[in-house]
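To keep things clear, I will list the structure first and then write my remarks on it.
The values are calculated or read from the model by the stated rules, or taken from the named source; none is laboratory data. For clarity, every value in this text was computed on a predicted model and none was experimentally measured. Ideal geometry is used to build each Cβ from the backbone, glycine not excepted, and the neighbour counts take in all protein chains shown. Please note that ligands, DNA and RNA were not included when accessible areas were found on the heavy atoms of the full protein model with its side chains. Shrake-Rupley method; radii C 1.70, N 1.55, O 1.52, S 1.80 Å.
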Amino acid sequence: MSFTRLLCAAVALAAFAAPIAAPVPALAQSKTVAITAIVQHPALDATRDGVVEALKEAGYVQGQTLKVEYQSAQGNPATAAQIARQFAGSRPDVIVPISTPSAQAVAAATRDIPVVFTAVTDPVSAQMVKSMDKPGANITGLSDMAPVAEHVALIREILPQAKRIGVLYNPGEPNSVVLVKALKDEAAKSGLGVVEASVPKSSDAQPAVRSLVGKADAVYIPLDNTVVSALESVIAVGQQAKLPVFSADTDSVARGAVASIGFDYFQVGKQTGAIVARVLKGEKPGDIPVTLAKGTDLFVNPKSAAAMGVTLPDAVVKRATKVVGQ
Amino acid sequence: MTEIALFGAIEIGLVYALVAIGVYLSFRILDFPDLTVDGSFPLGAAVCAVLLITGVNPWLASLAAALAGAAAGLVTATLNVRFKILHLLASILTMIALFSVNLRVMGRPNVALLMQDTVLTPFYGLGVPDHIVRPLVVGAIVAVVVLLLARFLASEFGLAMRATGVNARMARAQGVDTDAHVYAGIALSNGLTGLAGALFAQTNGFADVTTGIGTIVVGLAAVIVGETVLPARALALALVGCVAGSILYRLAVQLALSADAIGLQASDLNLVTAVLVAVALILPRLKAKASRTTRAAR
């Protein structure tokens with residue numbers, strides 16, 4: 001019986017501990033930032049740590065002038081929704097949702113607490129913001145859209161004589177459609193042409209890349225599941241036809257792409273934290289344009305490059321984060 | 001626990017109450033362990049979301065979501081009844097197939113509804129705060145479902161369905177078409193789950209292929225917690241127990257989310273939730289045992 005009573009007491013204590021502990025008397029200038037992610041994995045955790053690091057650099061030190069709350073939904077969107085309601089209720093100074101579902105749940109839960117999302121690929125189609133330049137309302141953030149501009153610059157640096165970039169993608173993948181449009185915009189800025197080849201299914205990848213031989217000076221593969229799953233057949237054609245293949249993701253470099261620039265998510269977090277600091281200092285989120293994350297990791301594969309008839313410039317190899325295929 | 005968090009937990013509890021009732025139908029009434037719900041929940045969300053962005057009326061979209069869920073249930077029932085595949089396996093097959101189907105339905109892994117009109121839109125801005133409007137509307141829908149279902153289960157068809165679950169051979173001997181009742185029951189169960197998915201998408205502003213993960217666990221936990229806190233013989237009360245169990249489960253999650261105050265980490269969430277639910281299940285048993293011992297001592 002005493003055990004039962006003890007158990008009851010413990011449950012009651014657990015029930016009441018939280019509300020009592022919540023309103024801790026804060027320091028005068030102290031700010032609260034509530035961070036949530038859909039799951040815990042290295043990239044998302046690094047993003048969170050980056051946010052806290054950037055805030056520290058901006059003068060908000062955790063435990064002194066900054067209180068950081070962190071919740072992970074453990075992969076469950078219903079829990080993400082509950083976390084969003086919890087944050088909406090505890091009214092932190094800024095909420096930082098990491099990943100699309102967490103960001104959407106937070107956006108649905110509050111219309112007045114400032115929100116700075118991060119690691120959302122396409123915030124406009126996720127309906128987080130009306131436009132990238134003028135988010136409006138209480139929301140802004142950072143998109144981890146592939147750094148296409150940096151990819152085009154990299155291709156130009158490695159192949160200065162290139163005139164046309166061929167792109168392989170599945171028109172049925174919304175992400176790829178967005179990336180190809182971005183590629184056309186960026187290529188046009190540098191005076192390059194873009195030749196498209198569609199790959200509706202993985203078995204179409206090889207004929208598609210063959211169709212680019214002679215029409216393009218380099219091949220670019222966006223983050224396209226269909227093409228990436230048939231990457232080896234594309235690489236094989238690239239080596240036979242001396243047609244260099246570049247990828248949007250760094251993982252494909254180990255599989256034979258010449259080079260790529262991808263994200264270091266700690267840096268993505270730091271870029272996000274800089275926006276959070278601006279909001280904490282009083283700027284309205286709705287007035288801050290959505291930022292595109294800058295890629296920092298450069299992966300190169302000199303061996304595969306040589307097989308495709310390309311010599312990587314020393315400058316590129318020297319600043320590479322990782323040299324693979326040796 | 002703040003007011004917004006409390007009402008948020010109640011709201012999500014009410015959404016999942018429909019799943020709990022669905023699981024009660026399949027698991028308790030028909031004695032059919034059905035994992036299809038892990039796929040029919042996001043299917044409902046997907047169908048509803050895609051229809052909403054093409055401008056279909058939200059109520060019609062929710063109805064279509066329920067019908068899509070029911071269709072998924074029929075697939076499982078067909079695999080089991082017609083082709084004699086073990087119920088557990090039949091439902092797993094449907095569940096994994098639905099992942100691909102849901103991706104096809106949406107055309108991408110996530111469809112946003114943050115700027116779309118939903119069944120809740122007409123109720124916003126009537127002077128009641130949003131965080132209270134949502135549980136009220138969802139609660140009204142759940143109440144209607146409970147009433148209709150209680151009547152259905154008391155009807156001749158409903159009674160035959162219950163008999164099918166209790167003893168299929170005896171039911172057949174009494175002239176009950178047990179196959180028809182399995183089809184109807186599993187379709188109804190997944191129809192309710194599809195409707196829950198539609199409501200989840202509308203109250204949270206998105207449909208995502210990952211929303212289905214763990215639905216069956218949440219549904220089962222709600223049913224069992226409900227049975228523990230509201231041990232009822234009457235079917236109508238058992239349905240109310242499902243609703244109560246679902247809300248209590250969400251309150252436990254909410255409590256677990258605040259557990260960092262006692263030194264726990266975000267990664268401990270699932271463990272804390274499980275412990276709280278386990279305590280809820282153990283307590284009544286201990287109490288009963290305690291009262292028995294007291295009586296014996298007298």
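A few points about this structure:
- Extreme residue, surrounded by the most Cβ atoms within 10 Å (Cβ to Cβ), among residues of region A:120-153 that are polar (S, T, N, Q) and part of a strand (DSSP E or B): A:THR140
- For the criterion of being aliphatic (A, V, I, L, M), closer than 26 Å to A:GLY59 by Cβ and not in a loop (DSSP other than H, G, I, E, B), A:VAL253 fails.
- Residue count for region A:314-326, restricted to those that are open to solvent by less than 40 Å² (accessible area, probe 1.4 Å) and assigned to a loop (DSSP other than H, G, I, E, B): 3.
- Number of residues in region B:235-261 that are within 14 Å of chain A (Cβ to nearest Cβ) and not small (Gly, Ala, Ser) equals 10.
- Checking A:VAL129, A:VAL116 one by one, the residue that is farther than 26 Å from A:TYR60 by Cα and not polar (S, T, N, Q) is A:VAL129 and no other.
- Looking only at region A:1-37, and only at residues there that are crowded, with 18+ Cβ neighbours inside 10 Å and within 8 Å of chain B (Cβ to nearest Cβ), the one that is modelled with the highest pLDDT: A:ALA14
- If you go through region A:229-250 and keep only what is surrounded by 24 or more Cβ atoms within 10 Å (Cβ to Cβ) and assigned to a helix (DSSP H, G or I), you end up with A:VAL234, A:ILE235, A:GLY238.
- Subset of region B:76-122 (residues that are open to solvent by 60 Å² or more (accessible area, probe 1.4 Å) and farther than 30 Å from B:LEU30 by Cβ): B:ARG108, B:PRO109, B:MET115, B:ASP117, B:PRO122
- Residue in region A:38-96 that is farthest from the other protein chains (Cβ to nearest Cβ), counting only those that are basic (Lys, Arg) and either under 13 Å from A:VAL276 (Cβ atoms) or open to solvent by 30 Å² or more (accessible area, probe 1.4 Å) (or both): A:LYS56
- Check on B:ALA232, more than 10 Å from every other protein chain (Cβ to nearest Cβ), surrounded by fewer than 16 Cβ atoms within 10 Å (Cβ to Cβ) and not in a helix (DSSP H, G or I): yes
- Within the option set A:THR272, A:THR321, being hydroxyl-bearing (Ser, Thr, Tyr), modelled with pLDDT of 95 or more and within 27 Å of A:GLU53 (Cβ to Cβ) holds for one residue only, A:THR272.
- The lone exception for A:LYS270 - which of (1) part of a loop (DSSP other than H, G, I, E, B); (2) open to solvent by 40 Å² or more (accessible area, probe 1.4 Å) it fails: (1)
- You will find that of A:VAL209, A:VAL219, A:VAL195, the residue that is assigned to a helix (DSSP H, G or I) and not charged (D, E, K, R) is A:VAL209 and no other.
- When the criteria are applied in full, B:LEU264 meets the requirement of being open to solvent by 30 Å² or more (accessible area, probe 1.4 Å), within 11 Å of chain A (Cβ to nearest Cβ) and without any contact (Cβ under 8 Å) to a residue 24 or more places away in the chain.
- A:ILE275 meets all of the listed conditions (1) open to solvent by 60 Å² or more (accessible area, probe 1.4 Å); (2) farther than 24 Å from A:LYS184 by Cβ; (3) not basic (Lys, Arg) but one, namely (1).
- Only one entry of B:GLY158, B:GLY165, B:GLY175 meets the criterion of being part of a loop (DSSP other than H, G, I, E, B) and either of a type in the set (Val, Ile, Thr) or open to solvent by less than 80 Å² (accessible area, probe 1.4 Å) (or both), and that entry is B:GLY175.
- Only listed residue being charged (D, E, K, R) and away from chain B (no Cβ under 12 Å), chosen from A:ASP112, A:ASP122, A:ASP133: A:ASP133
- Any pair with Cβ under 7 angstrom, 6 or more apart, that starts in region B:123-147 at a residue that is open to solvent by less than 70 Å² (accessible area, probe 1.4 Å) and ends at one that is of a type in the set (Phe, Trp, Tyr): B:ASP130/B:TYR124; B:HIS131/B:PHE7; B:ILE132/B:PHE7; B:VAL133/B:PHE123; B:VAL133/B:TYR124; B:PRO135/B:PHE7; B:VAL137/B:PHE123
- Here B:ILE213 fits the description: in contact (Cβ under 8 Å) with a residue 40 or more places away in the chain, surrounded by fewer than 24 Cβ atoms within 10 Å (Cβ to Cβ), within 8 Å of chain A (Cβ to nearest Cβ) and of a type in the set (A, V, I, L, M, F, W, C).
- Residue pairs meeting the criteria (Cβ under 6 Å; at least 6 apart or on separate chains; first at positive phi, in region B:31-49; second of a type outside the set (D, E, K, R) and open to solvent by 10 Å² or more (accessible area, probe 1.4 Å)): B:ASP31/B:GLY165
- Residue within region B:193-210 that is open to solvent by 10 Å² or more (accessible area, probe 1.4 Å), more than 14 Å from chain A (Cβ to nearest Cβ) and either under 30 Å from B:MET115 (Cα atoms) or modelled with pLDDT of 95 or more (or both) present: yes
- Scan of region A:190-204 for residues that are open to solvent by 70 Å² or more (accessible area, probe 1.4 Å) and either among the small types (Gly, Ala, Ser) or at positive phi (or both), ordered by number: A:SER203
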